[in-house]
1. Residues 29, 22: which one is farther than 30 Å from residue 80 by Cβ and not in a helix (DSSP H, G or I)?
2. If I filter the stretch 1-19 for residues that are open to solvent by 70 Å² or more (accessible area, probe 1.4 Å), assigned to a loop (DSSP other than H, G, I, E, B), modelled with pLDDT under 90 and under 24 Å from residue 53 (Cβ atoms), do I get at least one hit?
3. Residues that are assigned to a strand (DSSP E or B) and either open to solvent by 80 Å² or more (accessible area, probe 1.4 Å) or under 30 Å from residue 15 (Cβ atoms) (or both): does the stretch 71-79 have at least one?
4. How do the pairs read when you match residues in the stretch 26-48 that are under 18 Å from residue 4 (Cα atoms) with residues anywhere that are open to solvent by less than 80 Å² (accessible area, probe 1.4 Å) and among the aliphatic types (A, V, I, L, M), using Cβ under 7 Å and keeping only pairs 6 or more apart or on different chains?
5. If you scan the stretch 32-47, which residues turn out to be at pLDDT 90 or above and either in a loop (DSSP other than H, G, I, E, B) or not hydrophobic (A, V, I, L, M, F, W, C) (or both)?
6. Filtering the stretch 80-104 down to residues that are in contact with a Pro (Cβ under 9 Å, 6 or more places away or on another chain) and open to solvent by less than 50 Å² (accessible area, probe 1.4 Å), which residue is modelled with the lowest pLDDT?
7. When the stretch 105-116 is examined, which residues are found to be under 24 Å from the mean Cα position of the chain (by Cα) and surrounded by fewer than 16 Cβ atoms within 10 Å (Cβ to Cβ)?
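The values are calculated or read from the model by the stated rules, or taken from the named source; none is laboratory data. These numbers were taken from a predicted model, which means no experiment stands behind them. Cβ sites come from the backbone with ideal geometry, for glycine too, and all protein chains shown count toward neighbours. Note: accessible area is taken over every heavy atom of the protein model, side chains too, but ligands, DNA and RNA are not part of it. Shrake-Rupley method; radii C 1.70, N 1.55, O 1.52, S 1.80 Å.
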Amino acid sequence: MVREVIFFLGIAIFLGAIWMIKDENISKKIKIIITVVIISSGIFAYIYETKKLDTADKNLQLLAEFRQGKSLACGDINVTNEKFNYEFGTSCFMPKREFKELSGLVIKISDCESAK
């Protein structure tokens with residue numbers, strides 16, 4: 001929260017400084033274009049970051065449930081820590097070696113939901 005406030009204050013100070021420049025140096029049209037671009041970029045960045053944080057929170061919740069031994073519903077497959085390992089580098093579930101019938105199966109955590 002504090003990071004967002006500081007970010008928006010910095011943007012406001014920058015835009016204020018742009019608007020304080022005399023119109024002979026930078027025209028009002030250019031000032032308006034700069035303002036619109038910066039505000040649009042800020043809104044886009046905020047929305048994007050919020051969605052990424054929501055996805056990361058969901059994945060952490062699913063991983064916590066997986067570690068607790070709960071089952072996750074990933075399409076038509078139930079993923080449990082008895083049959084699968086979680087690979088952090090790829091954010092995927094991979095079957096353990098002793099389960100040959102699941103060999104080669106890779107399940108992304110983003111494709112999973114909590115099994116109720």
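1. So the residue among 29, 22 that is farther than 30 Å from residue 80 by Cβ and not in a helix (DSSP H, G or I) is 22.
2. Scanning the stretch 1-19 turns up at least one residue that is open to solvent by 70 Å² or more (accessible area, probe 1.4 Å), assigned to a loop (DSSP other than H, G, I, E, B), modelled with pLDDT under 90 and under 24 Å from residue 53 (Cβ atoms).
3. Among the residues of the stretch 71-79, at least one is assigned to a strand (DSSP E or B) and either open to solvent by 80 Å² or more (accessible area, probe 1.4 Å) or under 30 Å from residue 15 (Cβ atoms) (or both), which makes the answer yes.
4. Cβ pairs passing all conditions: 38/11; 38/15; 42/11.
5. The answer is 35, 40, 41.
6. 102
7. If the condition is that a residue be under 24 Å from the mean Cα position of the chain (by Cα) and surrounded by fewer than 16 Cβ atoms within 10 Å (Cβ to Cβ), then 106, 108, 110, 111, 113, 114, 115 are the ones that fit.
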